[in-house]
Structure formats: C-alpha cells, structure tokens
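Visitor: Have a look at this one.
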Amino acid sequence: VAELLGRPLAVANAGVDLFADQLERQSVRVERVEWRPPEPGTEEALARLAPEAEAIARANDEAVARIEDAQPMLAGVGTARDLLAGMSARTILHAGPPIDWADMCGPLRGAVIGAAVHEGLAEHHEDAARKAASGAFEFGPCHERGAVGPMAGVVSASMPMVVVENPVHGNRAFCTFNEGLGKVLRYGANDDEVLARLAWIRDVLADVFARALARLGGPIDLRAITAQALQMGDEGHNRNRAGTSLLLRTLLPALIELEGPAADTAAVARFIAGNDHFYLNLAMPASKVCADAAAGIDRSSIVVAMARNGTEFGIRLSGTGDRWFTGPSGTIDGLYLPGFGPEDANPDIGDSTITETVGLGGFAMAAAPAIVRVVGGGPEDALDATRAMYDISWGESRSYQIPPLGFRGTPVGIDCREVVQTRVLPFVNTGIAHREPGVGQVGAGLVEPPMEAFVKAVRALAGS
Amino acid sequence: MTEHVIVRRGAYYDSVTLMLVSRAAAAEAGAKAVAVGMATPLNLELLAGQGFTVDADLGPNDLVIAIRAADPDQVVAAVDRELSAKATTTPRAETPAARSLSSAARRHPELSLAFLSIPGDHVAHEAAAALAVGMHVFCFSDGVSLEVEAALKRTAVERGLLFMGADCGTAIIDGVALGFANAVRRGPVGIVGASGTGIQEVCCLLDSAGVGVSHAIGVGGRDLSAEVGGLMMRRGLELLARDDDTQAIVAISKPPDPQVAQAIEQAADETAKSVVLGFELTLEQAATRAAELVGGVLPAPGEELNKPPRPGDVRGLFAGGTLCSEAERIVGRGRFVDFGDDEYTQGRAHPMIDPSLRLEHLAAAARDPAVEVLLLDVVLGYGAHPDPATELAAAIDGLDQHVIVALCGAADDPQDLTKQRETLERAGAVVTRSNAHAARLAKEASGG
C-alpha cells in the first residue's frame with residue numbers, strides 16, 4: 001500500500017468531471033472513470049458484497065492464478081462411456097445448462113436424434129424422437145461431467161473423446177472430435193452422411209489420432225499451441241486455422257511413421273487439414289480444464305463456465321458451486337452464408353463460450369483481424385472489443401498475448417460484479433446454427449449473453 | 001560467481017518476450033551471463049555453448065533460465081519480474097475509458113487515490129473496490145449510510161489506507177487541492193478535520209497570516225460519531241505526526257461524540273507534535289493557536305459595521321455547515337439554514353457551485369420586515385462558483401438590512417479574493433475574513 005502523503009498523486013475520478021478538470025489544472029495525473037450506475041436490481045447485492053471485497057479479491061486472485069497455472073495437456077483418446085462419470089448407454093449429453101426434451105431447440109433435438117440412432121438406441125429418426133419425448137434417454141449437460149461440446153454438444157456413450165489433463169491441479173476435461181463444417185451432428189444434422197462420418201470418427205480417426213499421440217511419446221501442450229495460434233491470427237473460438245495447422249504439424253512426423261493402413265492415416269491427415277475448426281475441439285477442453293481448476297473457490301466472483309443449450313444461456317461462478325444462472329439465449333448479430341438470414345438463425349448454442357471464459361474467443365478478438373469482418377467492423381473494432389473486456393476481467397493472461405496490443409495478455413477471469421456494475425457484457429463471437437435441425441451452420445457473428453444470468457449470479461453470491 | 005539453471009516445464013513464452021527478458025535481466029548488477037529461453041534444440045545448443053549443463057529430456061515447451069552471477073537469486077527475481085510485467089501500450093485517444101475503479105486500477109496500477117462523486121447508494125461497492133486494490137479514497141459523495149461509512153473506514157484502517165468522507169468536501173494533499181479547497185501556501189501546519197468548510201476557514205485564516213499548510217485531511221462530518229469512532233481522524237493524526245513537512249497539527253470537528261473526543265484527545269496527547277484540538281474552539285481561535293505554534297500571528301479582525309445596529313431578527317444563510325453552526329452558536333438566536341445540508345442538495349449542486357436556492361431564500365428573507373440582519377458566507381477556492389460575489393451582490397444591492405458576509409478565501413484563489421471582497425462591499429455588505437467575527441458583528445448589528 002502506497003502512502004498518500006509525500007508522493008505524487010495519481011487520481012481515479014469517478015463521478016463529476018469538474019473534479020477531474022480541477023485536478024488536471026493542478027497538473028495532477030487523473031484517470032477519468034466512465035462510471036455508470038449498475039444494472040438495476042443489483043445495487044443491494046453489490047452493497048452487500050462490498051464489505052467482503054478483500055476476501056473476494058483474494059478468492060479471485062486464486063481463481064485467476066489457477067486458470068493461468070493450469071497446464072492443458074492433450075494426453076490421449078478414450079470413449080465417453082469410459083471417461084465420463086455416470087455415462088450409461090442411454091445417456092445423451094448436450095451443451096449448456098440442463099434442459100428437457102420439451103424445451104430443446106431444433107438443432108439440439110436433431111443432434112439428440114442423430115446420436116440415438118448412432119448408438120442404436122432407436123431404429124430410425126422418428127423412433128428416436130418418440131423415445132426422447134417419452135423419457136427413454138437420460139439428458140444432462142456436458143459441463144456437469146467434465147466435458148464440453150460445440151454447438152449442440154451432443155455426446156453419447158460410444159463417442160470417442162480427447163482427454164486433456166491438467167497435471168498441476170490434477171483434473172481432466174473431455175471433448176468429442178470436430179466433424180467439420182456443413183452438415184454435421186453438432187448443428188443438428190443427422191442424415192446418413194452425418195452418421196457415416198460419426199462412425200468413421202469412432203472407428204478410424206479416433207484410433208489413428210490416439211496412436212499418433214502415443215507415438216509422439218508425450219502429451220501435447222495445448223496452452224503453448226493456443227498461445228502461438230493467437231500470434232498467428234486465431235482467437236481460439238471462431239478462427240482455429242493456425243491452431244489446427246500447428247496441431248497437424250506437431251502430429252505429422254508421428255502420422256507418417258504410423259503403422260497400419262496408410263489409407264486411414266492419409267484420410268485422417270486429409271480430414272484434419274480440411275477442417276479449420278478441428279482445433280476448436282481441443283481448445284475447448286483445454287479451456288475447460290483450466291476453468292474447472294478455478295471452480296469451487298469460496299467467495300470468488302469469477303465466472304468458470306458460460307454455456308448455451310440453444311434455449312438458455314447459463315453461467316457458473318467459482319464461488320457458488322454447481323449452480324447454473326440462466327437467461328434466454330440471445331440471437332446472433334452476424335454475417336450469413338448466401339441464401340440465409342437472421343430469420344433462419346437459431347438462438348445462441350454451444351459450450352464453446354468456455355473459450356471466452358478463459359480469455360480466448362471474443363476476449364482475444366484483437367488477435368484475429370482475419371475474422372474481424374464477422375464483427376462487422378475493422379481491426380480497430382476488434383482491438384476495442386478486447387480492450388472492453390479488460391473492464392470486466394480480473395486478470396490478464398501470461399501466455400495468451402495480443403500482438404497489436406503490445407503483446408498484452410488477454411483479459412482473463414470474468415468478474416460477475418464488474419459485469420453488472422459496468423453493464424459491459426462478455427463479448428462472444430460464435431457460429432450460427434440454422435433453427436431447423438440438419439441444415440447446419442448458416443453464419444457467424446456476435447452475441448450478447450443475457451444480463452439476467454449475471455444479475456442472478458451476483459445476487460446468489462451476495463446471498464440474496 | 002555462482003551458476004544457476006532453473007527449468008520450468010510447460011511454461012511457454014514466445015521467443016521475443018524471452019529475448020527481452022534476458023536482456024533486462026542481464027542488466028542486473030553482478031550478472032555475468034543470463035540465458036532465458038525455451039528448450040528448443042537450437043537454444044539447448046546455445047546453452048551448451050555458454051557452458052551450461054541442462055537435462056537432456058527437455059522439450060520446446062519447457063522454459064530454461066540459466067544464470068551465471070554473483071547473486072543468482074537477484075537475477076532470477078529480475079527474470080520473474082520481467083516475465084510477469086504487464087505489457088503496456090501507449091494509450092490512444094480513442095481508447096475507451098475504464099468503467100469501474102477496479103478496472104482503472106488494473107489498467108494503471110500507479111493510481112493512488114479514488115475520487116468518488118457518484119450517487120451515495122453506489123459508494124459501498126466502488127469504495128470497497130478501490131480499497132481492495134490499495135487506493136486511498138476521497139469520497140465527496142453524500143447519502144452514504146453511517147454503517148457503510150464505518151465499515152469502509154474499518155477496512156481502510158486494516159489496509160493502512162485513508163478513507164476521506166463520506167461527504168468529504170475538501171482536502172489538500174501535498175499542495176494539491178481536492179474538492180472544494182483553497183489555493184493556500186504550503187507550510188508547517190497540518191490539518192485534520194471532520195468538517196469541509198471548517199478546514200477551509202482555518203486554511204484561509206492561516207494563509208492570511210502568512211502561515212502555510214502542509215496537508216489538510218478531510219475525514220467526513222460523521223467521523224467523530226460514536227459509530228465511526230474517529231477512525232480516520234486518528235489515522236490522519238498519525239500520518240501528520242509522521243510527516244516531515246508538518247510541525248504543528250490542528251484537529252477540527254463539529255461537536256464530536258464525547259467518548260470519541262476523549263479518544264482523539266488521548267491520541268493527540270501521544271503525538272510527538274503539538275496538536276490544537278479545536279472541538280471547543282472557534283475556527284478563528286484554532287487558527288490563531290496553530291499560527292502561534294509555528295511562530296505566526298493571526299491579525300486581529302478589524303472589520304466594523306457600516307451602519308448603526310437595528311434590533312431585529314438575524315437570518316443566517318450558509319453554504320458551509322460548520323460555518324453555519326459556528327455562527328449560530330455565536331449569535332445565539334435567529335434562524336440559520338445550511339444549504340449544503342443533504343436536505344437541500346438532493347438533486348441539485350452544492351450551494352458553493354449553484355447559488356440559486358440560497359439566493360431565493362435570501363430574497364424571501366429580505367422581504368421579511370422582522371429580519372434586520374442577513375448573515376452569509378461566501379466560500380472561494382477550487383471547485384467553487386467562479387464568481388459568487390457578483391451574483392450575491394446583485395441580490396443584496398440596495399437592501400436596508402445589515403448584510404454581513406464571512407468571506408472564506410485565499411489570496412491565490414481563482415476567484416480573486418480582493419475583487420470578491422470589493423464587489424460585495426460595493427453592494428453594501430460588511431465583509432469579514434473570519435466567520436466568527438462575522439457572527440459577532442451580526443450579533444452586534446441586531447442589538448447585541
């Protein structure tokens with residue numbers, strides 16, 4: 001703590017500008033805070049949390065330190081039924097907070113139906129829908145089993161999953177393999193082509209990938225890859241071209257040396273090379289393993305999960321245990337593929353906002369000028385997007401740096417108090433799913449999480 | 001010379017960062033060789049070339065810090081400092097402003113004081129955030145509950161910080177005027193006060209005697225209440241006692257809680273410097289004694305009434321709370337209104353900035369045939385109205401009644417003390433330098 005007397009004053013002015021002017025006229029360094037009243041309905045909760053500010057600060061320091069210290073290591077490949085707790089043959093996991101069949105959006109239903117057929121739980125699509133409606137399947141969020149899934153995020157028992165280990169805190173996270181763009185299960189597509197690809201991923205890709213990993217002789221440090229990818233124009237959510245390339249480069253020698261049918265190895269290499277988003281399904285569990293390391297710290301106001309099921313957007317705080325705080329999933333403001341428009345868009349869906357939770361995605365937008373047009377602006381807007389996120393984030397990343405911001409670390413650790421106080425919402429950039437199952441991705445853009453979720457979270461933390 | 005090789009597995013940094021870190025650490029005293037790099041084959045070869053031995057099983061995601069130095073720990077500390085140093089960029093004009101104090105503090109760790117003038121309901125959160133990051137707080141905002149104020153001050157004490165306020169009008173820290181404060185010269189007297197205009201009056205009286213102020217610490221009008229217990233006045237006394245620029249200390253407050261007053265007296269007794277406790281003195285007396293302690297002399301007030309006394313009511317219309325209560329005590333009768341009170345500042349600016357409400361009441365009082373003496377204060381200085389005398393002069397010009405104005409200002413104030421005095425005198429007012437003297441004249445003018 002700096003003494004006040006006998007040192008140069010540096011003043012943060014919140015409120016009337018006149019006082020800042022007056023200080024500047026006396027040649028005092030003044031930082032003008034653009035203070036606004038907090039989100040209505042949170043005043044009492046914020047006041048109640050105020051006396052605990054120091055305890056919360058210590059808890060938040062710990063949470064951000066854990067996110068930062070975690071080492072997401074790609075360790076191997078397994079099967080959902082073996083890896084995920086309580087994964088029965090009839091369990092179907094999904095993205096976002098908990099939801100029943102009746103409330104599921106089109107793409108999520110489509111993916112559930114596809115997974116049921118893929119698992120042999122239903123004879124055909126109509127059968128799957130009927131069984132889903134009659135309670136034949138057990139639904140649950142990926143997040144509650146250590147997993148994450150992009151878009152619909154549907155995971156069923158036989159699906160192969162990558163295993164990301166964090167040796168520092170001893171936790172793991174899991175994710176399915178990315179299926180590519182177009183007609184894919186995660187966008188609710190479930191026709192024969194989709195099912196055939198799922199089978200190929202299970203039978204060929206997972207095996208080749210696992211053996212190549214094993215051949216490398218040790219896990220792959222995903223933080224290192226993501227950190228490099230950020231300096232190559234990725235932001236780790238909507239652009240994964242550099243991450244995918246770096247991953248493939250890392251795997252390449254092992255793939256070449258791999259025993260077994262060369263055609264399979266080549267097909268896998270071709271599949272990864274042809275799918276810019278392959279790395280998303282590694283960036284997500286890498287993010288999850290870091291965020292989970294920061295969960296469960298008493299009094300911490302840091303967000304450790306943001307996830308959408310296409311109907312609701314849910315968040316979890318480090319200091320409030322397993323509770324979800326939800327609000328309606330937003331509509332995405334973005335660019336559409338030819339022939340589609342906002343009327344085709346499904347509300348926001350997917351666990352991929354786990355990347356924003358640890359300082360990637362929208363929080364690292366400044367690193368990705370190549371996709372800035374999705375934001376509807378120029379590179380300056382991308383810089384401003386990241387800059388705005390520092391206002392609601394507790395810390396800055398050591399490893400994820402933004403070249404055009406002078407290699408400043410990305411903002412990490414969303415403080416729910418700051419979200420409601422500043423009324424600045426986390427900046428999320430995401431893909432847009434068609435509202436009908438099976439059509440696939442129709443665009444990409446920006447979405448605002450519902451303020452309601454943060455209001456509920458702050459109130460819960462304040463015990464009101 | 002000691003050799004030191006540290007390996008941090010999985011700690012990835014890009015090569016440019018590490019080259020910058022190596023360069024900075026190599027500048028540390030006694031450093032002979034510093035190599036900080038990822039264990040890439042190339043770097044391992046370079047390390048071997050420098051004579052360092054490293055484990056063979058390292059990979060390109062492992063950080064190696066290799067040092068040869070007189071005091072390797074010092075160089076390691078330098079490396080860690082550089083690795084954790086936040087990158088800073090030159091802020092561009094269009095960079096959006098921070099929207100909260102915590103955010104401002106994160107951006108600019110050098111910020112030392114939070115100046116709050118936000119609505120009182122929101123002070124608890126922002127002030128707590130400021131204290132949590134180690135900023136002192138000047139809380140101009142009013143409307144903060146006593147409970148919140150006490151809690152914030154307890155936190156401040158724990159953290160070794162100052163919480164000035166709530167409803168703190170003034171402070172002078174190292175010559176910097178915060179809030180409503182006067183451009184007084186710097187000098188040997190330190191002031192700590194639970195009263196904004198009380199501090200201003202003492203500052204200005206001292207200034208008129210050629211005695212300067214080291215620091216003036218406002219602590220908020222309720223600091224000496226039983227609930228708050230004088231936490232910040234005690235802290236202020238401590239700070240001034242330790243401060244090399246301060247020779248003598250004045251503590252002023254509206255009438256304090258008796259037990260708290262006792263505690264402050266005890267704290268003052270334990271202070272190695274001379275302390276004038278002004279709780280039972282007029283501000284004039286407090287300033288006189290403080291001046292004496294540092295070898296100064298406050299000139300005796302010489303202003304006199306400009307017409308014969310006229311028995312009748314006294315109406316006190318004040319912008320400063322302490323000035324108002326002091327005058328009321330001295331006059332002993334009449335009606336006194338403090339327009340700076342919360343009751344009159346809801347939804348409008350303080351009367352030192354916006355005189356309109358007081359001028360309305362002045363006009364009404366002037367029309368009241370029972371009122372023979374109008375007693376007012378005019379407070380100059382930073383933050384105050386740019387020319388209060390001209391507006392007030394227009395309102396009193398031609399009035400029959402005695403108009404007595406206590407003019408609280410310093411010669412260097414932006415409003416021009418002499419011009420303000422002349423403007424008021426031309427309009428028929430008796431203008432005094434001391435508030436107590438204005439009150440004495442008002443008493444005399446109304447028939448004693």
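The values are calculated or read from the model by the stated rules, or taken from the named source; none is laboratory data. As the structure is a prediction and not an experimental result, all values here were calculated from the model. Glycine also receives a Cβ, built like all others from the backbone with ideal geometry; neighbour counts cover every protein chain displayed.
Visitor: Is at least one residue of the range A:138-149 assigned to a strand (DSSP E or B), of a type in the set (Phe, Trp, Tyr) and under 24 Å from A:Cys290 (Cβ atoms)?
Guide: no
Visitor: Regarding B:Arg81, is this residue within 10 Å of another protein chain (Cβ to nearest Cβ) and modelled with pLDDT under 90?
Guide: For B:Arg81, the condition - within 10 Å of another protein chain (Cβ to nearest Cβ) and modelled with pLDDT under 90 - is not met.
Visitor: Something else now. Quickly run through the range A:395-452 and pick out the residues that are among the small types (Gly, Ala, Ser), out of contact with any strand residue (DSSP E or B) (no Cβ under 8 Å at 6 or more places or on another chain) and within 19 Å of A:Ala364 (Cα to Cα).
Guide: A:Gly406, the sole residue that qualifies.
Visitor: Would you confirm whether or not the range A:395-416 contains a residue that is in contact with a Pro (Cβ under 7 Å, 6 or more places away or on another chain) and farther than 17 Å from A:Ser318 by Cβ?
Guide: Yes, the range A:395-416 contains a residue that is in contact with a Pro (Cβ under 7 Å, 6 or more places away or on another chain) and farther than 17 Å from A:Ser318 by Cβ.
Conditions (1) buried (at least 18 other Cβ atoms within 10 Å of the Cβ); (2) not polar (S, T, N, Q), marked per residue:
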position	(1), (2)
A:Ala227	yes, yes
A:Met232	no, yes
A:Gly236	yes, yes
A:Leu248	no, yes
A:Arg270	no, yes
A:Asp276	yes, yes
A:Asn281	yes, no
A:Ala291	yes, yes
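Visitor: A:Ala59 - would you say it is modelled with pLDDT of 95 or more and either crowded, with 21+ Cβ neighbours inside 10 Å or under 30 Å from B:Gly120 (Cβ atoms) (or both)?
Guide: Yes; evaluated as a whole, the condition is true for this residue.
Visitor: Also: Which numbered condition in (1) outside any helix (DSSP H, G or I); (2) touching a residue at least 60 places away in the same chain (Cβ under 8 Å); (3) under 30 Å from A:Ile402 (Cα atoms) is the only one that A:Leu213 fails?
Guide: A:Leu213 satisfies all of (1) outside any helix (DSSP H, G or I); (2) touching a residue at least 60 places away in the same chain (Cβ under 8 Å); (3) under 30 Å from A:Ile402 (Cα atoms) except (1).
Visitor: Can we say B:Leu113 is within 7 Å of another protein chain (Cβ to nearest Cβ), in contact with a strand residue (DSSP E or B) (Cβ under 6 Å, 6 or more places away or on another chain), closer than 26 Å to A:Gly406 by Cα and buried (at least 24 other Cβ atoms within 10 Å of the Cβ)?
Guide: Judged against the criteria, B:Leu113 is not a match.
Visitor: Now for a separate question. Picking from A:Arg48, A:Arg81, A:Arg66, A:Arg36, which residue would you name as being of a type in the set (D, E, K, R) and either in a loop (DSSP other than H, G, I, E, B) or within 8 Å of chain B (Cβ to nearest Cβ) (or both)?
Guide: Details: A:Arg48 fails: either in a loop (DSSP other than H, G, I, E, B) or within 8 Å of chain B (Cβ to nearest Cβ) (or both); A:Arg81 fails: either in a loop (DSSP other than H, G, I, E, B) or within 8 Å of chain B (Cβ to nearest Cβ) (or both); A:Arg66 fails: either in a loop (DSSP other than H, G, I, E, B) or within 8 Å of chain B (Cβ to nearest Cβ) (or both).
The conditions single out A:Arg36.
Visitor: Please enumerate the residues belonging to the range B:120-139 that are at the interface with chain A (Cβ under 7 Å from one of its Cβ atoms) and either surrounded by fewer than 24 Cβ atoms within 10 Å (Cβ to Cβ) or over 29 Å from A:Ser397 (Cβ atoms) (or both).
Guide: Answer for the range B:120-139, where residues must be at the interface with chain A (Cβ under 7 Å from one of its Cβ atoms) and either surrounded by fewer than 24 Cβ atoms within 10 Å (Cβ to Cβ) or over 29 Å from A:Ser397 (Cβ atoms) (or both): B:Asp121, B:His122, B:Ala124, B:Ala132, B:Gly134, B:His136.
Visitor: Also, I was wondering about something else. So how many residues does the range B:329-343 have that are buried (at least 16 other Cβ atoms within 10 Å of the Cβ), free of Cβ contacts under 8 Å to residues at least 40 places away in the same chain and assigned to a helix (DSSP H, G or I)?
Guide: Going through the range B:329-343 one residue at a time, the tally reaches 0.
Visitor: Taking the criterion of being under 26 Å from A:His169 (Cα atoms) and at pLDDT 85 or above, would at least one residue in the range B:12-31 satisfy it?
Guide: no
Visitor: Exactly one of (1) over 23 Å from the mean Cα position of the chain (by Cα); (2) under 30 Å from B:Arg186 (Cβ atoms); (3) acidic (Asp, Glu) is unmet by B:Asp397. Its number?
Guide: (2)
Visitor: Also: Looking at the range A:127-169, which of its residues are surrounded by 17 or more Cβ atoms within 10 Å (Cβ to Cβ), without any contact (Cβ under 8 Å) to a residue 60 or more places away in the chain and under 20 Å from A:Ala307 (Cβ atoms)?
Guide: Passing the criteria: A:Phe137, A:Phe139, A:Gly140.
Visitor: Just need a number here: residues in the range B:125-147 that are assigned to a helix (DSSP H, G or I), closer than 22 Å to B:Tyr344 by Cα and either touching a helix residue (DSSP H, G or I) at 6+ places or on another chain (Cβ under 8 Å) or free of Cβ contacts under 8 Å to residues at least 12 places away in the same chain (or both).
Guide: 0
Visitor: Something else about it: Between residues in the range B:27-41 that are touching a residue at least 12 places away in the same chain (Cβ under 8 Å) and residues that are among the basic types (Lys, Arg), which pairs lie under 6 Å by C-beta distance while being six or more apart or on different chains?
Guide: Short answer, once both residue conditions are applied: B:Lys32/B:Arg68; B:Ala33/B:Arg68.
Visitor: Hey, another quick one. Residues A:Ala157, A:Ala136: which one is among the hydrophobic types (A, V, I, L, M, F, W, C) and within 28 Å of A:Ala214 (Cβ to Cβ)?
Guide: From the options A:Ala157, A:Ala136, the qualifying one is A:Ala157.
Visitor: Considering B:Ala406, B:Ala384, B:Ala366, which residue is buried (at least 20 other Cβ atoms within 10 Å of the Cβ), in contact with an Asp or Glu (Cβ under 9 Å, 6 or more places away or on another chain) and either among the hydroxyl-bearing types (Ser, Thr, Tyr) or not in a strand (DSSP E or B) (or both)?
Guide: Just one listed residue meets the conditions, B:Ala384.
Visitor: Has the range B:63-71 got any residue that is within 13 Å of another protein chain (Cβ to nearest Cβ), at pLDDT 90 or above and touching a strand residue (DSSP E or B) at 6+ places or on another chain (Cβ under 9 Å)?
Guide: Looking through the range B:63-71, at least one residue is within 13 Å of another protein chain (Cβ to nearest Cβ), at pLDDT 90 or above and touching a strand residue (DSSP E or B) at 6+ places or on another chain (Cβ under 9 Å).
Visitor: Suppose we keep only residues that are without any contact (Cβ under 8 Å) to a residue 40 or more places away in the chain and within 14 Å of chain A (Cβ to nearest Cβ) within the range B:201-257. Which one would you say is surrounded by the most Cβ atoms within 10 Å (Cβ to Cβ)?
Guide: B:Ser214
Visitor: Kindly evaluate A:Gly296 against the criterion of being more than 16 Å from A:Thr244 (Cβ to Cβ), touching a Phe, Trp or Tyr at 6+ places or on another chain (Cβ under 6 Å) and surrounded by fewer than 24 Cβ atoms within 10 Å (Cβ to Cβ).
Guide: When the stated conditions are applied, A:Gly296 does not pass them.
Visitor: Condition first: closer than 30 Å to A:Val458 by Cβ, more than 7 Å from chain B (Cβ to nearest Cβ) and part of a helix (DSSP H, G or I). Now tell me which residues in the range A:1-33 satisfy that.
Guide: Across the range A:1-33, the qualifying residues are A:Asp17, A:Ala20.
Visitor: While we're here: For the range A:445-464, which positions are small (Gly, Ala, Ser), in contact with a Phe, Trp or Tyr (Cβ under 9 Å, 6 or more places away or on another chain) and at pLDDT below 90? Talk me through it step by step, then tell me what you get.
Guide: Our first condition is that a residue be small (Gly, Ala, Ser); within the range A:445-464, this holds for A:445, A:453, A:457, A:460, A:462-464.
Adding the requirement that they be in contact with a Phe, Trp or Tyr (Cβ under 9 Å, 6 or more places away or on another chain) leaves A:445, A:453, A:457, A:460.
The one that is small (Gly, Ala, Ser), in contact with a Phe, Trp or Tyr (Cβ under 9 Å, 6 or more places away or on another chain) and at pLDDT below 90: A:Gly445.
Visitor: Mind listing whichever residues of the range A:385-412 are small (Gly, Ala, Ser), without any contact (Cβ under 8 Å) to a residue 60 or more places away in the chain and either within 11 Å of A:Ala227 (Cβ to Cβ) or facing chain B (nearest Cβ under 9 Å) (or both)?
Guide: Within the range A:385-412, A:Ala388, A:Ser393, A:Gly406, A:Gly409 meet the criteria.
Visitor: Can you name the residue in the range B:1-19 that is farther than 21 Å from A:Asp221 by Cβ and exposed (fewer than 15 other Cβ atoms within 10 Å of the Cβ) and is also farthest from the other protein chains (Cβ to nearest Cβ) among such residues?
Guide: Only one residue fits best here, namely B:Met1.
Visitor: A:Ala263 fails exactly one of the following numbered conditions: (1) surrounded by fewer than 24 Cβ atoms within 10 Å (Cβ to Cβ); (2) in a loop (DSSP other than H, G, I, E, B). What is the number of that condition?
Guide: (2)
Visitor: Another one. How many residues are of a type in the set (A, V, I, L, M, F, W, C) and at pLDDT below 95 when one looks only at the range A:399-423?
Guide: Pass one, the range A:399-423, residues of a type in the set (A, V, I, L, M, F, W, C): A:402, A:405, A:407, A:412, A:414, A:416, A:419-420.
Add one more test, that the residue is at pLDDT below 95, and what stays is A:402, A:405, A:407.
Residues that pass the stated criteria total 3.
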